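Working notes for the structure below.
The values are calculated or read from the model by the stated rules, or taken from the named source; none is laboratory data. For clarity, every value in this text was computed on a predicted model and none was experimentally measured. Reconstructed Cβ throughout: ideal geometry from the backbone, glycine too, with neighbour counts over all protein chains shown. Keep in mind that these areas ignore ligands, DNA and RNA; they rest on the heavy atoms of the full protein, side chains included. Shrake-Rupley method; radii C 1.70, N 1.55, O 1.52, S 1.80 Å.
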Amino acid sequence: MAVLSGKKIVLGVSGGIAAYKAATLVRLLIKAGAQVRVVMTPASVDFVTPLTLATLSKNPVYCSFYNDDEEIQWNNHVELGLWGDLMLIAPATANTLAKMAHGNCDNLLIATYLSAKCPVYFAPAMDLDMYKHPSTIASFQLLQQFGNIMIPAEKGELASGLSGEGRMAEPENIVAFLEKDLLGKMPLRDKKILITAGPTYEPIDPVRFIGNHASGKMGFDLAEVAASLGAKVYLVAGPTALAIKNSAIHRIDVQTAEEMYAACLQCFPEVDVAICAAAVADYRPEIVAQEKIKKSDESLTLTLVKNKDILAALGAQKKAQFLIGFALETHNEIENAMLKIAKKNLDLIVLNSLRDAGAGFGTPTNKVTLIDRNGTIEPKPLQSKEAVAHEILQKVIQHYER
């Protein structure tokens, strides 16, 4: 599972010989799909160059509070601390650990650490006597009391020529530790979720179709957020230019409502949750012309036939799945949405109204009302579609926490 995919990681590098391993660590984090920004202590640049880590991370490397070039530029430790989804300090020397434990803020790395709102991991690296010294052990204990997570050092050959405990965990083992720890904390780690997204295109002839203005962004944001919470996601996507970022998402591309219907019914028995966010065409042309229809008469009549109702079909087959539908209404919104819950055997419906500015198709924002099968109505403010996705998936998490 791509646990680190899409994660924003602040990597702190302190001044020990193990700093040379930071290059490998950055490469592995990038390969796992993470974004990485590196903050170095002044002493660490003697062991590995900022240019190396900047090249590998594809981001600037921060070594001091400001850049003393043609125009002095402040490196904002608060922004760095807020940017990360997690902070990793590797190697963490005895000196840096003591500063972290006691708030001795004399460099950018410690300032960033003190500003971080995200989980902080540290991988100690020092000689064996330093590793066992009471002051170092006190730093370990105090930092873990703060909620920081220690990646224990390994046994092996040390820079001093001695052999024992204190060697920084190998980069591969650090990445594996992060993945295992994060996965264990993901609330949807054991769940499989089916999500539909985008429009469907119903062909009239080889070049024309009936469609709608759905971009697919709501469904894609749901897929990305669900994957970031540990779920294995099956994304059935209609025609859209959007791309997925998390490799834990299995994308199934379709064009028509019939294709989407078939893909959903195939996946549904294997999943725990289904979220139907696609804007599926209700009708399709009865006859699809094999050649392009030539312009001739003043009018063209198409006979349309009804498509199968995907949401209703899933509701009829539902066993233990948690089923969520979307409703786009223009009048009697609440009443119509609640009727759909009963008619289609839903657990939750997400109501959109085209009368709300900033909501609906083709916008980065949405304004929804969540209504559950018990009749609880929760209006939400206008917010990004990613934020809406978090609201919806929180309902899924609450369902499984009962």
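Under 5 Å from the amide H of D253 lie the amide H atoms of A237, each residue being 5 or more positions distant or on a separate chain, with H modelled from the backbone and absent for Pro and chain starts. Taking a sphere under 11 Å around the Cβ of R208 and counting the other residues whose Cβ falls inside, with K and R at +1 and D and E at -1, yields a net charge of -1.
Each label point was placed 7 Å from the Cα along the Cα-to-Cβ direction; for Y283 and E335 their separation is 2.4 nm. Find the centroid of the Cα atoms in region 347-402 and in region 1-53, then give the distance between the two in whole Å. Using only Cα atoms to place each centre, the spacing works out to 38 Å.
Per-atom-type breakdown for the chain gives carbon and sulfur 52% of the accessible area (1.4 Å probe, protein chains only).
When Rg and the Kirkwood Rh are both derived from Cα coordinates, the Rg/Rh ratio for region 341-402 amounts to 0.99. Extending 7 Å from Cα along the Cβ direction at E401 and again at T363 yields two label points whose distance is 3.0 nm.
Which length gain, in nm to one decimal place, applies between A54 and A320 when the Cα-Cα distance is subtracted from 0.36 nm times their residue separation? Don't skip to the answer; put the middle values down first.
Working: separation 266, 0.36 × 266 = 95.76 nm, distance 4.89 nm.
My answer for the length gained is 90.9 nm.
The residue among G12, N366, G164 whose Cα reaches farthest toward the positive pole of the charge dipole of the chain, with charges on the beta-carbon of Lys, Arg, Asp and Glu, is N366.
Here the calculated FRET efficiency for C105 and S247, from their Cβ-Cβ distance with R0 = 25 Å, stands at 0.10, rounded to the nearest 0.05.
When the chain is treated as a GNM with alpha-carbon contacts under 10 Å, the residue of R284, R208, R37 showing the greatest mean-square fluctuation is R208. Only helices enter this figure: runs of n ≥ 4 DSSP H residues, each worth -39500 (n - 2.57), summed and divided by the residues of the chain, yield -10000 deg cm²/dmol at 222 nm to the nearest 500. State the Cα centre-to-centre distance between region 138-211 and region 312-339 in whole Å. Measuring centre to centre over Cα atoms gives 35 Å.
Using the Karplus relation 6.51 cos²θ - 1.76 cosθ + 1.60 with θ = phi - 60°, the per-residue 3J(HN,Hα) values for region 78-91 come to 5, 4, 4, x, 7, 5, x, 7, 7, 10, 10, 10, 8, x Hz, with x marking Gly and Pro. Model label points for Y20 and L382, set 7 angstrom from Cα along the Cα-to-Cβ axis, are 5.7 nm apart.
Pairs exceeding 30 Å between alpha-carbon atoms, taken from K292/K343; K180/K343; K21/K180; K232/K308; K180/K340; K217/K395: K292/K343; K180/K343; K180/K340.
Would you mind putting 330-338, 301-309, 82-90 in packing order, based on average other-beta-carbon counts within 10 Å, highest first? Walk me through the intermediate numbers first.
On the way: 330-338: 14.4, 301-309: 11.8, 82-90: 22.0.
With the highest mean Cβ count within 10 Å placed first, the list reads 82-90, 330-338, 301-309.
3J(HN,Hα) along region 270-281: 8, 9, 9, 9, 10, 10, 9, 9, 6, 9, 7, 5 Hz, from the Karplus curve 6.51 cos²θ - 1.76 cosθ + 1.60 with θ = phi - 60°, whole Hz, x for Gly and Pro. Give me the angle, in degrees from 0 to 90, between the Cα long axis of helix 134-145 and the longest principal axis of the Cα atoms of the chain, rounded to the nearest 10. With both axes taken from Cα atoms, the answer is about 20 degrees.
Charges only on Cβ, +1 for Lys and Arg, -1 for Asp and Glu: so what's the dipole of the chain about the Cα centre, in debye to the nearest 20? Let's see the in-between values first.
Details: 40 positive and 43 negative charges, 171 e Å.
Roughly 820 debye for the chain.
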